[in-house]
Amino acid sequence: QSGEVAANPEQYDESYLCPVQVGQTTLNLDFDTGSADLWVFSTLTPKSESTGHSLYNPSTGTKKSGYTWDISYGDGSGASGTVYADKVVVGGVTATSQAVEAATSVSSQFEQDTDNDGLLGLAFSSINTVEPQAQKTFFDSVKGSLAKPLFTADLKKGAAGTYDFGYIDSSKYTGSISYVNVNTANGFWEFTASGYAVGSGSVSGSVGDAIADTGTTLMYLPTTVVQAYYNKVDSADYDSNQGGYTYDCSENLPNFLISLGGKTFTVSGTDINFAPVDSSGETCFGGIQENTGIGMSILGDIFLKSVFVVFDQTQSTPRLGFAAQ
Ligand SMILES: O=C(CNCCc1c[nH]c2ccccc12)Nc1scc(-c2ccccc2)c1C(=O)NCc1ccccc1
């Protein structure tokens with residue numbers, strides 16, 4: 001089988017939500033290549049935490065008794081609950097007995113984002129949080145039945161993009177796809193990014209160890225790289241209150257060039273201009289920030305909306321393919 005699903009941006013492209021049938025309900029889920037749990041708001045979630053969200057009703061599923069899950073993310077958000085086996089359909093691709101993690105508790109960040117009914121993890125199943133036994137991601141559940149064991153992400157700035165499962169749509173990218181091998185030891189789509197440049201010109205240095213993460217909004221890069229970037233932005237400085245680099249919204253940001261698999265990709269300065277820090281709209285928060293304390297770089301949505309990405313498991317070593325959009 002194969003299929004395509006829309007990826008609809010939230011405000012400021014903070015995250016991208018896709019319609020997914022879970023049991024008998026259609027939920028808007030955040031497809032997340034940086035985690036491996038498919039968890040959803042449910043009728044088991046306290047009303048005080050689930051108002052405004054579409055809810056999964058576990059009555060259509062089969063409870064996996066004694067199974068629980070509990071996930072927390074680097075920003076301190078998280079959720080936990082119980083596990084059911086149910087039908088999940090993404091763009092016509094069906095997993096007949098997918099582990100659906102019903103939330104019995106969610107953190108305030110998720111509670112407040114009423115367009116987001118949960119996450120569909122697309123990292124490697126080795127980091128699924130279900131106890132006593134890790135469960136397969138949706139992709140792992142359907143992989144064997146897909147025309148090709150791969151999926152692609154085509155995210156866009158301020159417009160609907162797509163995730164395709166089982167095939168590569170060559171109308172969605174230009175030029176050739178350049179591939180890098182993935183190291184799955186940490187359960188992420190993790191690879192080594194090469195040189196970079198700020199503004200224009202030839203790339204040099206090395207960004208190093210990085211993950212392709214559709215579930216993280218911004219780009220988190222080594223301090224040396226981030227300082228080199230904001231040195232080219234006159235009004236920029238590190239604002240500890242905001243927890244990152246800010247600058248005058250009126251200032252034009254330079255492009256960021258990064259070399260992956262021997263090819264150089266350009267993230268435009270307009271894409272790196274993330275969002276105002278407050279309603280005055282004078283000061284803006286940058287889409288490139290430091291990866292301090294993370295242990296690797298994260299190429300999140302700010303980067304991914306500039307490229308077409310293939311998450312490829314056609315070979316014994318998984319690989320990532322990048323092409324210009
Ligand atoms: O977790 C994911 C992908 N799912 C995110 C789901 C999600 C988490 N809040 C959400 C809110 C809305 C929608 C989805 C999510 N990626 C990774 S790998 C390593 C780290 C990490 C580890 C330690 C320290 C920092 C990051 C993260 C991380 O925490 N990213 C989110 C973030 C990163 C930085 C700042 C904020 C968030």
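Miscellaneous remarks
- Hey, D30 under 24 Å from T214 (Cα atoms) and touching a Leu at 6+ places or on another chain (Cβ under 6 Å) or not: yes
- Residue match in the range 225-238 (condition: in a helix (DSSP H, G or I) and free of Cβ contacts under 8 Å to residues at least 12 places away in the same chain): yes
- For the range 1-51, the strands (runs of 3 or more DSSP E) that sit wholly inside it and include 2 or more residues that are more than 13 Å from the chain's Cα centre (by Cα) and within 15 Å of the ligand (Cβ to nearest atom) are 25-32, 38-40.
- Look at the range 1-20: where a residue is more than 14 Å from V93 (Cβ to Cβ) and charged (D, E, K, R) and a partner is modelled with pLDDT of 95 or more and more than 13 Å from the ligand (Cβ to nearest atom), sitting 6+ places away or on another chain with Cβ atoms under 7 Å, you get D13/K157; D13/G158; D13/K305.
- Verdict on D75 being in a loop (DSSP other than H, G, I, E, B), modelled with pLDDT of 95 or more, within 11 Å of the ligand (Cβ to nearest atom) and of a type in the set (D, E): no
- Residue-level check: of (1) in contact (Cβ under 8 Å) with a residue 60 or more places away in the chain; (2) within 16 Å of the ligand (Cβ to nearest atom); (3) of a type outside the set (G, A, S), Q112 misses just (1).
- Some residue of the range 297-308 being more than 21 Å from the chain's Cα centre (by Cα), modelled with pLDDT of 95 or more and more than 26 Å from S77 (Cβ to Cβ): no
- Residue list for the range 257-287, filter: within 16 Å of the ligand (Cβ to nearest atom) and out of contact with any Gly (no Cβ under 9 Å at 6 or more places or on another chain): V277
- Residues (farther than 20 Å from G3 by Cα, aliphatic (A, V, I, L, M) and crowded, with 16+ Cβ neighbours inside 10 Å) located in the range 155-202: I177, V180, V182, A193, A197, V198
- Put simply, of P132, P149 the only residue that is more than 17 Å from the chain's Cα centre (by Cα) and under 20 Å from N183 (Cα atoms) is P149.
- If only residues of the range 222-244 that are surrounded by 18 or more Cβ atoms within 10 Å (Cβ to Cβ) and touching an Asp or Glu at 6+ places or on another chain (Cβ under 7 Å) are counted, the one that is nearest to T192 (Cα to Cα) is V226.
- Residue pairs whose Cβ atoms lie under 9 Å apart, sitting 6 or more positions apart in sequence or on different chains, and linking a residue in the range 246-267 that is farther than 28 Å from V310 by Cβ to a partner that is part of a strand (DSSP E or B) and charged (D, E, K, R), are T246/D237; T246/D239; Y247/D237.
- Residue in the range 90-98 that is in contact with a Leu (Cβ under 9 Å, 6 or more places away or on another chain), polar (S, T, N, Q) and buried (at least 23 other Cβ atoms within 10 Å of the Cβ) present: yes
- Within the range 125-150, being within 16 Å of the ligand (Cβ to nearest atom), under 19 Å from V93 (Cα atoms) and buried (at least 20 other Cβ atoms within 10 Å of the Cβ) holds for T137, F138, F139.
- Residue in the range 288-298 that is nearest to G215 (Cα to Cα), counting only those that are of a type in the set (A, V, I, L, M) and within 11 Å of the ligand (Cβ to nearest atom): I298
The values are calculated or read from the model by the stated rules, or taken from the named source; none is laboratory data. This one's a predicted model, so the numbers in the text were calculated from it and none came from an experiment. With ideal geometry, Cβ positions are generated from the backbone for all residues, glycine too; neighbour counts draw on all protein chains shown.
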